[in-house]
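Visitor: Okay, here's the structure, questions in a sec.
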Amino acid sequence: MAQIHTNTQTTCYHCGEDCQETNITLAGKPFCCEGCKLVYEILNQNNLCEYYDLNNKPGINQRMQVRKDKFAFLEDDGIQQHLVQYKDESQTHVSFYLPQIHCSSCLWLLENLHKLNEGVLRVTVNFSRKTAHIIYLHKITTLRSIAETLTGIGYEPYISLNDIQKEQKPRVNRQLIYQLGVAGFCFGNIMLLSFPEYFSGSAHNTSAMNTMFQYMNLVLALPVFFYSAQAFYKSAWGGLKHGFLNIDVPIVLAIFVTFIRSLAEVAAGHSGYFDSMTGIVFFMLIGRVLQEKTYQGLSFDRDYTSYFPIAVHVIKDGKEVPTSLPEIKVNDTLLIHHQELIPADGIISRGKALIDYSFVTGESAPVQKTVGEIVYAGGRQLEGNIEILTIKEVAQSYLTSLWNRDTFKEPDEKHVSFVHLLSRYFTWVVLLIAVSTSAYWAATDPAKIWPAVTAILIIACPCALLLASSFTNGHILRILSRHKLYLRNAQAIENLANTTHIVFDKTGTLTSKSGAEVRYFGTQLTPLQEMMISSMAAQSTHPLSKAIRNYCSTTSAYTIRDFQEFTGRGICGWANDTFIRMGSAEFTGIHNKEEQDGSVVFVAINEKPVGLFTIRNSYRPGIRNMLEKIRNYFDLSVLSGDNTREAASLRLLMGASATLKFEQQPADKLEYIIGLQKKGAKVLMIGDGLNDAGALKQSDTGISVAESTNNFTPASDGIIEAQQLHLLPHFIQLCRANRKIVIFSFIISLLYNITGLYFAVQGILSPLVAAILMPASSISIIILTFSMSELYGRRLAAKAFSGITDKNHV
Amino acid sequence: MGVIILLLGASLAVALGFLAAFIWSVKHGQFEDDFSPAHRILFDEKKYNGND
């Protein structure tokens, strides 16, 4: 009977994860859990197994079961109204956000949803947004049944409070793309029409055809001047209003001067510089589009509304009524199911609560609460159902009040790019050259003032600098996103490069949410005893029990008789004729209690203490190595909402000079960051939970850590995938390289400018020279920045993969 | 001379046509999801006999 687990390498046919239990198979295919097997069964019955042919093991792990009537609220008309986009007599259109979408198999399966749910007419997946647009016949099927079908195949719709209060912003700036298209069209045609000019010299300038070409160029330049270049006007005007010469000011100046001089040239029967002007606008717009690349699947501005559910069950006259969150009043009785979020502050009126506040406060151990005690919004109920009496409305609860702080509403104007600072000097130098040149020509040959000065302003346009910075930034953003660090914008690269102090959150950031490190100390357990302990632990949903259950490598189980669970103390029961107690020291009758790191579960067999389990959060792989690398270069801090029980191991990890702070409330974290900034530190904050939201927002760069199991990330400047966190030093290095590349390209572009200025100050800059010099400098700058950033990116990848030697957990 | 003007008109008309097509495609969201259409076209209806 005693099976001893042998370490096999079977992976789940559905999701590709290691199978812990080897007995779950169907049609010869191994599965890691019943959930995955169930999905396979559904797909197999409906001839949808092509899902598994398109990609190898494309599924999403189904170990976490979804509560059966979780989507009951979708039957409520009021809630439906918020979600439905269009409805007529027969059809309904709705869009669901399905964060699990990740490969072409998902796409295929979801678009074949009509085979699983009869009423579905058509599904269109938007892969980059991870949404599915569903058209269904509401006479045949319901919204709830569609949501349940989706959940059944592993794509649980993510419906949050945010869906009610949504203000749909277009995620892509289409205006910029139209401007780019128009500029490209005009630039290409002007180039074409300028060719006779380039090749014939000035001999035929008087011919009627050339005159016509010049006027056509003028007409084609108008949309560029008045429409495409608007983006630069706005930014330059914005800068001037704040009394700041940003990089767009000299560019706008150059565009204006080029346009006006070209108008004058055309009027005088010469060709203008329209080709140069439109070309520059076109290239700069490309740079801007690249730099403003949006990650459509990600959102950097999430607040608590994306974390909260859309509806909750309110008990009215003994019946459960699904109610949308904003309609919850004080003194309503809410029914909180197993694994549900508590949406409003309240008092427990029935049931015993075990609440996981880790996302809200950073406290990793769940908190026990009994009837009469206050629970705060944002916690997750772990054990069974409870009822609470609300004492505050959702919008006024402790958690939401965090968001309503004034400091979070201030626009982010505190950072100024070094490119803008450079351009300020640049502008003054150019103006100085222009003034002295005009002074010189005024003394010698006044006729040359106009051509010389305008030529200077045209040629000295810092477009190469702008191109260098926007193309480099755009490319660095792409390289980082290849390594799963998604930064909100180019400014974040620069802030990251300037970091002097790194602040980490502990729970969920340094430690992983899912994994717990379990160790056993005491009398060696026989396989039979281990099996008993495992079976006992399996009876309880307490996280510690689960961790112990996973730690025990046995697969078969005993039937437990007379199982009892004592909240906050432990569990006990009979396995055959052996009585087992697991829990606190008092509960198991242990008196010589030693202080241990992490949580401790004592075990007594037949009332005789045999040993203890210690359960600690496990640190993410590679974290120790990463911290060792960075602690020589940066000041480090850890702000943990947790208690001090892991202080010793954390100290070892962070080094002697790091600041460790425990039991930090969200407001404390925010204050700490402000304190650092007052001392002149540039702070990089890395956190994951709502409790870090304030600190993330306040810090110079806030990066939130995303685990695939949790698709909510608080508002931040960047999102990093958890398993990539150990690459942080490399990322910072790359961001620093960004600055070097921009400065280097700037020097190159200065050389071009000096060459051009040499001609310009003498008043002999011909349109041909300008037409060659400007695109040539632009294109060479683009190639230079692209290849340099690519080179740095490759080096990062090479270093990163040679650097992971420390695979073990700390 | 006359023929060049004719050609010029023709080439501008073609270019304008492309510009219009580009604007139309942006307006209809063709640049918003570059993954799904490319993969959707590769799926074909296969007959399965129940358990593959």
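The values are calculated or read from the model by the stated rules, or taken from the named source; none is laboratory data. Since the structure is predicted, the reported quantities are computational estimates derived from the model, not experimental observations. Please note: Cβ atoms are built from the backbone with ideal geometry, for glycine as well, and neighbour counts cover all protein chains shown. Accessible surface is based on the protein model in full, side chains and every heavy atom, while ligands, DNA and RNA are left aside. Shrake-Rupley method; radii C 1.70, N 1.55, O 1.52, S 1.80 Å.
Visitor: Out of (1) without any contact (Cβ under 8 Å) to a residue 60 or more places away in the chain; (2) part of a helix (DSSP H, G or I), what's the single condition that is false for A:Gly508?
Guide: Result: A:Gly508 passes all but (1).
Visitor: In this structure, does A:Thr588 turn out to be of a type in the set (Val, Ile, Thr) and either in contact with a Lys or Arg (Cβ under 8 Å, 6 or more places away or on another chain) or open to solvent by less than 10 Å² (accessible area, probe 1.4 Å) (or both)?
Guide: In short, yes.
Visitor: Just checking, how many residues over region A:629-641 are part of a helix (DSSP H, G or I) and either modelled with pLDDT of 85 or more or among the polar types (S, T, N, Q) (or both)?
Guide: 1
Visitor: Follow-up question, since we're still on this one. Have a look at A:Lys329, A:Lys316 and point out the one that is surrounded by fewer than 22 Cβ atoms within 10 Å (Cβ to Cβ) and without any contact (Cβ under 8 Å) to a residue 24 or more places away in the chain.
Guide: Residue meeting the stated conditions: A:Lys316.
Visitor: For region A:142-151, what are the residues that are more than 19 Å from A:Ser105 (Cβ to Cβ) and either open to solvent by 10 Å² or more (accessible area, probe 1.4 Å) or touching a helix residue (DSSP H, G or I) at 6+ places or on another chain (Cβ under 7 Å) (or both)?
Guide: Selection gives A:Thr142, A:Leu143, A:Arg144, A:Ser145, A:Ala147, A:Glu148.
Visitor: Can you tell me which of (1) within 30 Å of A:Thr713 (Cα to Cα); (2) within 14 Å of chain B (Cβ to nearest Cβ) is the one A:Gln100 doesn't meet?
Guide: Tallying (1) within 30 Å of A:Thr713 (Cα to Cα); (2) within 14 Å of chain B (Cβ to nearest Cβ), A:Gln100 fails exactly one: (2).
Visitor: Continuing with this model, one more query. Restricting to region A:368-383, count the residues that are in contact with a Phe, Trp or Tyr (Cβ under 9 Å, 6 or more places away or on another chain) and under 10 Å from A:Lys352 (Cα atoms).
Guide: 0
Conditions (1) at pLDDT below 90; (2) in contact with a strand residue (DSSP E or B) (Cβ under 8 Å, 6 or more places away or on another chain); (3) within 11 Å of another protein chain (Cβ to nearest Cβ); (4) under 23 Å from A:Leu285 (Cα atoms), marked per residue:
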site: A:Leu143; (1), (2), (3), (4): yes, yes, no, no
site: A:Ala147; (1), (2), (3), (4): yes, yes, no, no
site: A:Glu156; (1), (2), (3), (4): yes, no, no, no
site: A:Leu180; (1), (2), (3), (4): no, no, yes, yes
site: A:Cys186; (1), (2), (3), (4): no, no, yes, yes
site: A:Asn189; (1), (2), (3), (4): no, no, yes, yes
site: A:Tyr198; (1), (2), (3), (4): yes, no, no, no
site: A:Asn205; (1), (2), (3), (4): yes, no, no, no
site: A:Gln214; (1), (2), (3), (4): yes, no, no, no
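Visitor: If you go through region A:36-59, how many residues are within 11 Å of chain B (Cβ to nearest Cβ), assigned to a helix (DSSP H, G or I) and over 16 Å from A:Leu116 (Cα atoms)?
Guide: Number of matching residues: 3.
Visitor: Now for a separate question. Taking region A:565-575 on its own, how many of its residues are open to solvent by 50 Å² or more (accessible area, probe 1.4 Å) and modelled with pLDDT of 80 or more?
Guide: Looking only at that region, the number is 1.
Visitor: Also, quick follow-up: What about A:Gln9, is it open to solvent by 70 Å² or more (accessible area, probe 1.4 Å), at pLDDT below 80 and over 29 Å from A:Ile310 (Cβ atoms)?
Guide: The answer is yes for A:Gln9.
Visitor: So, of the residues in region A:753-783 that are assigned to a helix (DSSP H, G or I) and loosely packed, with under 15 Cβ neighbours inside 10 Å, which turns out to be modelled with the lowest pLDDT?
Guide: For region A:753-783, the residue satisfying everything is A:Ile772.
Visitor: Could you list, in sequence order, the residues of region A:626-647 that are open to solvent by 30 Å² or more (accessible area, probe 1.4 Å) and either among the β-branched types (Val, Ile, Thr) or within 24 Å of the chain's Cα centre (by Cα) (or both)?
Guide: Within region A:626-647, just A:Thr644 meets the criteria.
Visitor: Would you point out which residue out of A:Ile342, A:Ile280 is under 25 Å from the mean Cα position of the chain (by Cα), among the β-branched types (Val, Ile, Thr) and open to solvent by less than 40 Å² (accessible area, probe 1.4 Å)?
Guide: Selected residue: A:Ile342, the only one of A:Ile342, A:Ile280 that is under 25 Å from the mean Cα position of the chain (by Cα), among the β-branched types (Val, Ile, Thr) and open to solvent by less than 40 Å² (accessible area, probe 1.4 Å).
Visitor: Exactly one condition in (1) in contact with a helix residue (DSSP H, G or I) (Cβ under 6 Å, 6 or more places away or on another chain); (2) away from every other protein chain (no Cβ under 14 Å) is false for A:Cys32; which is it?
Guide: Result: A:Cys32 fails condition (1) only.
Visitor: Where residues in region A:602-617 are of a type in the set (A, V, I, L, M, F, W, C), at pLDDT 80 or above and open to solvent by 10 Å² or more (accessible area, probe 1.4 Å), which of them is farthest from A:Gly522 (Cα to Cα)?
Guide: Within region A:602-617, the match that is farthest from A:Gly522 (Cα to Cα) is A:Ile605.
Visitor: Only one of (1) open to solvent by 20 Å² or more (accessible area, probe 1.4 Å); (2) in contact with a strand residue (DSSP E or B) (Cβ under 6 Å, 6 or more places away or on another chain); (3) at pLDDT 80 or above is not met by A:Gly583, so which one is it?
Guide: So A:Gly583 meets the others, but not (1).
Visitor: Go through region A:121-141 and report how many residues are more than 14 Å from every other protein chain (Cβ to nearest Cβ) and either under 23 Å from the mean Cα position of the chain (by Cα) or open to solvent by less than 40 Å² (accessible area, probe 1.4 Å) (or both).
Guide: Final tally of qualifying residues: 4.
Visitor: Those residues that are within 26 Å of A:Pro196 (Cβ to Cβ) and touching a Phe, Trp or Tyr at 6+ places or on another chain (Cβ under 9 Å), I need them from region A:749-774; list them, please.
Guide: Residues satisfying the conditions are A:Gly763, A:Leu765, A:Ser766, A:Pro767, A:Leu768, A:Val769, A:Ala770, A:Ala771, A:Ile772, A:Leu773, A:Met774.
Visitor: Separate question: What pairs come up if the first residue lies in region B:1-23 and is within 11 Å of another protein chain (Cβ to nearest Cβ), the second is open to solvent by 50 Å² or more (accessible area, probe 1.4 Å), and their beta carbons are under 8 Å apart, counting only those six or more places apart or on different chains?
Guide: B:Met1/A:Ala208; B:Ile5/A:Met212; B:Ser11/A:Leu192
Visitor: For region B:24-37, which positions are open to solvent by less than 100 Å² (accessible area, probe 1.4 Å), modelled with pLDDT under 85 and either more than 12 Å from the chain's Cα centre (by Cα) or within 7 Å of chain A (Cβ to nearest Cβ) (or both)?
Guide: Answer for region B:24-37, where residues must be open to solvent by less than 100 Å² (accessible area, probe 1.4 Å), modelled with pLDDT under 85 and either more than 12 Å from the chain's Cα centre (by Cα) or within 7 Å of chain A (Cβ to nearest Cβ) (or both): B:Glu32, B:Asp33, B:Phe35, B:Ser36.
Visitor: I'm trying to understand the selection: among the residues of region A:752-777, which are in contact (Cβ under 8 Å) with a residue 60 or more places away in the chain, over 24 Å from A:Val266 (Cβ atoms) and not aliphatic (A, V, I, L, M)?
Guide: A:Tyr752, A:Asn753, A:Ser777
Visitor: Quick check on this structure: which one of A:Leu220, A:Leu193 is at pLDDT below 90 and of a type in the set (A, V, I, L, M, F, W, C)?
Guide: A:Leu193
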